[in-house]
1. Which three extents, in whole angstrom, do the alpha-carbon atoms of the stretch 202-241 cover along their principal axes, largest first?
2. For the charge dipole of the stretch 28-162, defined by +1 on Lys and Arg C-beta atoms and -1 on Asp and Glu C-beta atoms about the Cα centroid, which residue among L118, W37, Y63 has the Cα displaced farthest towards the positive pole?
3. Pop the C-beta distance of K156 and D326 into the FRET formula with R0 = 51 Å and round what comes out to the nearest 0.05.
4. With labels modelled as points extended 7 Å from the Cα through the Cβ direction, what inter-label distance (nm, one decimal) is found for H210 paired with K333?
5. By per-residue mean of other Cβ atoms within 10 Å, what is the highest-first order of 227-234, 37-44?
6. Which GluC sites (Glu not before Pro) from the stretch 293-347 combine a DSSP loop assignment with at most 16 other Cβ atoms within 10 Å?
7. If I model a spin label as a point 7 Å beyond the Cα along the Cα-Cβ vector, how far apart are those points for N224 and W37 in nm?
8. Could you list, bin by bin from short to long, the percent of Cα-Cα pairs of the stretch 82-185 in 5 Å steps?
Amino acid sequence: CQARYIWVGCKPTCAAANPPSKATVSRCSSSRATTQWIVDRHQCPISKQLLVDPVMAEDGNIYERKCIERWLQGKHTSPLTNESMGSKLLPALAARATVSELVEDGKTDSETASNFFLGRGRVRSARNDARTPDLSGARKDFERALALAKTPQQRKVIGLQLRTVSWMLEGQRLIAEAQKLQAEDSAEESDIASLAKVKTCPRNHDLEVHEAPSDEYSCDRCQNRVHNGAALMSCRQCDFDICKACSSSDSSSIDIQEVSDWFNELGDSVREVLQAPLNGGGRPMTAWRRLPRGARVKVMANVEELRRLCERPAPGARTAVEFNSDMGSWAGKTCIVQKRSGRISKGYALKLEGGSGRTFLFPFNALLLLSPSPSGPGGESDSDEDSDSS
């Protein structure tokens, strides 16, 4: 069949079977042109991609948030006018709503829509500002991006992100379950009979059941505050008090508060576990340490971020280490500590692992710690004089 398919009422129709009127063709062409005009004017000037998380900069133009933030890390000018510009950014809510409506209504091609859903899923799942991550919304976006993906590689990458968000949602559900257990434990009525499992204090005096006369009491085992009127097992001679949970505990009991505390402590551990493969097994240095000569570190891979950190004092330091263009080639490289720079700039003089004797000074917050111990014979003792020269 040699029939041509054209757009009628914004849907493909066989021209031979149902020839459209000139007015219909003109109207559809105009509609497509208008849609394309809107799409073109809602692209980030830096990335040339459809806006996902648009913000208005001080030059009055709208950019993708992550693109303009990266731009402003190393420059203080407008990307469009090259004139001096501050770093204040405001959410462009109208632009965000317009783009979302276009894509949601199917007014863009499948590739543009797939990239939009993929980008929005990343933004929703990795929000690090005042907004709470929207994991459910992110999962829906990744599902829609996956349905529009055309190549096996695209499906593989998007599928990985979808599984990651689903894993995060499962973690969220588990934490909610732990909070529910804690609430049920707190609301449970005091069971005086259960207090009989622990009968004596550490000095073997008999314990007696009492009610806490105020909120000033705390358990001498778990150190948790005991609310007014709660049941206690007490030894007045030793001023020893234990709460219901501790007094009724035995080898088969579980401290719900400890479980809740454990979930809270998991946050930093999960972050380190997830970042370690991305950082080549290294941990970001969050504080200056007296690393010995020979310790192995890795310089952060982002050159612009490295420049920014070198040009301003590290946390707790009085001076910056300064940056030169040669230091950029060390980004992402493994290095050996040669000397601590001291507390004035809080950095380290490094040389490339396996490289020549040339050294550069880097701040601690631009490094990943691979091995805090010397990698070879000889080490620098903590009594050695620190210097701020490189």
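The values are calculated or read from the model by the stated rules, or taken from the named source; none is laboratory data. The structure displayed is predicted, hence computed values, not measured ones. Every residue, glycine among them, receives a Cβ derived from its backbone with ideal geometry; neighbour counts consider all protein chains shown. The area values use the complete protein model at the heavy-atom level, side chains included, leaving out ligands, DNA and RNA. Shrake-Rupley method; radii C 1.70, N 1.55, O 1.52, S 1.80 Å.
1. 26, 18, 12
2. Ranked along the dipole, the leading option is L118.
3. Values: r = 38 Å, r/R0 = 0.75.
After rounding to 0.05, the efficiency reads 0.85.
4. For H210 paired with K333, the spin-label model returns 6.8 nm.
5. Details: 227-234: 17.6, 37-44: 15.1.
Ranked by mean Cβ neighbours within 10 Å, highest first: 227-234, 37-44.
6. Details: sites: E304, E305, E311, E322; in loops: E311, E322.
Filter output for the stretch 293-347: E311, E322.
7. If labels sit at N224 and W37, their model points lie 6.5 nm apart.
8. Taking every Cα pair in the stretch 82-185, the percentages come to 2, 11, 16, 18, 15, 13, 10, 7, 4, 2, 1, 0, 0.
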